[in-house]
Amino acid sequence: MSEVAKRIAALRQYVDDDAAAAIEQLIREAPDARLNRINPLAFAIEHGLAEQTSVAAFLHATQAGLFELSWNVICSSCGGILHSAESLRAIDQDHYSCALCAADCEPNLDEVVEVTFTVDPRVRRIAAHDPDSMPLWNYVRQIYWSSGSDLPDDLAPVVKDAVLDAVELAPGSSIVRSVRVDQGLTIVFDPVTHTAQFVEVAGPADDSDQEIEIAIDEARLSNETLRVSPGQLKLSLQNNTSRRVMPIFWIVGEALMEIARRRIPVLTAKRLLAHQTFRELYRTNVLDVNQRFKITSLTFMFTDIKGSTALYERIGDLAAYDLIRSHFQIAQAIISREGGAVVKTIGDAIMATFPKPAQGLAAAFEIRKAISASNERDSGPELLLKVGLHTGPCLAVSMNERQDYFGQTVNIASRVQGISSPDLIFATPSVVDDDEVRHLIERRGSAVRSSKAMLRGLSEEMLIYNIPH
């Protein structure tokens, strides 16, 4: 049995048969470009898989040695990759600069950090494993632009209206290129070093020889804008690095903007951290203890069993433990199915996260339904479940050697659960005001009511919605 076959056989023990077959076909038959920085959400659409299934399959495939996982800081403006790392721990700067856009990007986990998968070189070697040997436009497409850039594998036809010139320069070499420039802004940008030089073309046409010199080094800094007149321009380029560089002379205009606007959804770090399979496979060492990553919006669900102390006293510790454990298993399966993850259990309580509010409410409905069915089916004691939901900003942190969350949003979600009752789901306006949540409530025909309540630790009353299940 080949090495690939052995790894695929190991993968099939954990993932859906259709997902395993699609991954095997990808590894064996796909062109090189499709095996570098794979977007599992796009893969799911292409192969008719659920997104949760696709992400779980790639995570298990990484554990089986079929793929390597990477965390990429992307520019929210152009979609270029500013930094790529093998772990979230290696994203250790407060901000990353995009020289092409002259913009700073804070690595929040909602949009700026994406997660992709590249085939392991032990399984199949592809051109991207040796990026310095890739042709210029293959490099730009596969190494510079992210998995969220909706661009074809062959990039040259797409960029023809946005580029004046593009060259490859060996380490220590130089070249002089002659180009004709018209009114407007242009940028000489190297995707290897992320070095940019802005060149403004303005004023009356100049028929005399104009020349500018640009030295490319590892500084990754944009220089002061140079100014030239419309006409012929000699561009002297010097590579002062130890690598091949590929300066591209971009025209800042609609053609370049159109390239930057061509985007598709990606697997964000926020979404991955809220994926149950990821939390199970990567329990520790996701974040350094000193790291604090911002998430601008995450939905938290807290559940707890009402009257658990009396339950333990009434039926005994062993029977109560079995009952609570069964509840945990039911809840975790539903949370995972709805796109969330259990962060931790605290006594009889569960803390879970979801990328979207509607996923959290759907999970709450299903957990309530499953617990009610269990209560009706079993002749034993009835479990009374309290549920609270809240959405807002938070910090992703490392606490007690595991990935956790910190902030007022977490506290409020816990407090909302604390005041909830077993016959209702309690949620804040940040959850109920979401369009998808409203549609979910309307489809169920739930008569939502609201009231104000004081939550411990807050100075003012907060509006709370009571949602029948």
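A few comments on the model shown:
- Amide H within-cut-off set for CYS101, under 5 Å, with H built and near neighbours excluded: none
- The Cβ shell under 10 Å around SER178 holds other residues with a net charge of 0, Lys and Arg each +1, Asp and Glu each -1.
- Order of ARG337, ARG443 under a 10 Å beta carbon neighbour criterion, fewest first: ARG443, ARG337
- Under the convention that each Lys and Arg Cβ holds +1 and each Asp and Glu Cβ holds -1, the size of the dipole of the chain around its Cα centre is about 1400 debye.
- Qualifying lysines (Cα of each under 21 Å from Cα of LYS369; at least 8 residues distant if same chain): LYS306, LYS356, LYS386
- Rg to Rh, two decimals, where the chain supplies the alpha carbon set and Rh follows Kirkwood: 1.07
- For GLN93, residues with placed amide H under 5 Å, excluding near neighbours: none
- Backbone amide hydrogens, once placed in the peptide plane, bring ASP120 within less than 5 Å of PHE67, GLU68, excluding anything fewer than 5 places away on its chain.
- Zero-based 10 Å bins, Cα pair distances in the range 3-147, whole percents: 11, 39, 34, 14, 2
- If you take the alpha carbon atoms of the range 289-468 and fit the smallest convex hull around them, that volume is 124 Å³ per residue.
- Computed from backbone phi, the HN-Hα couplings of the range 121-132 come to x, 6, 8, 7, 7, 10, 4, 5, 6, 10, x, 5 Hz, rounded to whole numbers (Karplus: 6.51 cos²θ - 1.76 cosθ + 1.60, θ = phi - 60°; Gly and Pro given as x).
- The relative contact order of the range 3-147 comes to 27 percent, based on Cα pairs under 8 Å that sit 6 or more residues apart.
- Remark: the range 171-179, residue by residue, has Karplus-estimated 3J(HN,Hα) of x, x, 9, 9, 7, 10, 10, 10, 9 Hz, where x stands for each Gly or Pro and the curve is 6.51 cos²θ - 1.76 cosθ + 1.60 at θ = phi - 60°.
- Sum of side-chain charges, GLN291 neighbourhood, beta-carbon under 9 Å (Lys, Arg +1; Asp, Glu -1): 0
- Average projected area [Cα convex hull, the range 163-252], square nanometres: 5.0
- Calculated from backbone phi, Karplus (6.51, -1.76, 1.60) coupling profile of the range 240-246 in Hz, x at Gly/Pro: 9, 9, 9, 10, 5, 10, 9
- Within-11-Å neighbourhood charge of ALA30 [Cβ basis; K, R +1; D, E -1]: -2
- Taking a straight Cα-Cα cut-off under 13 Å and skipping sequence neighbours fewer than 8 places away in the same chain, the aspartates and glutamates within cross-link reach of LYS452 are GLU460, GLU461.
Where a number appears in this text, it was derived from the coordinates with a stated rule and is not lab data. This is a predicted model, so every value here is computed, not measured. Glycine also receives a Cβ, built like all others from the backbone with ideal geometry; neighbour counts cover every protein chain displayed.
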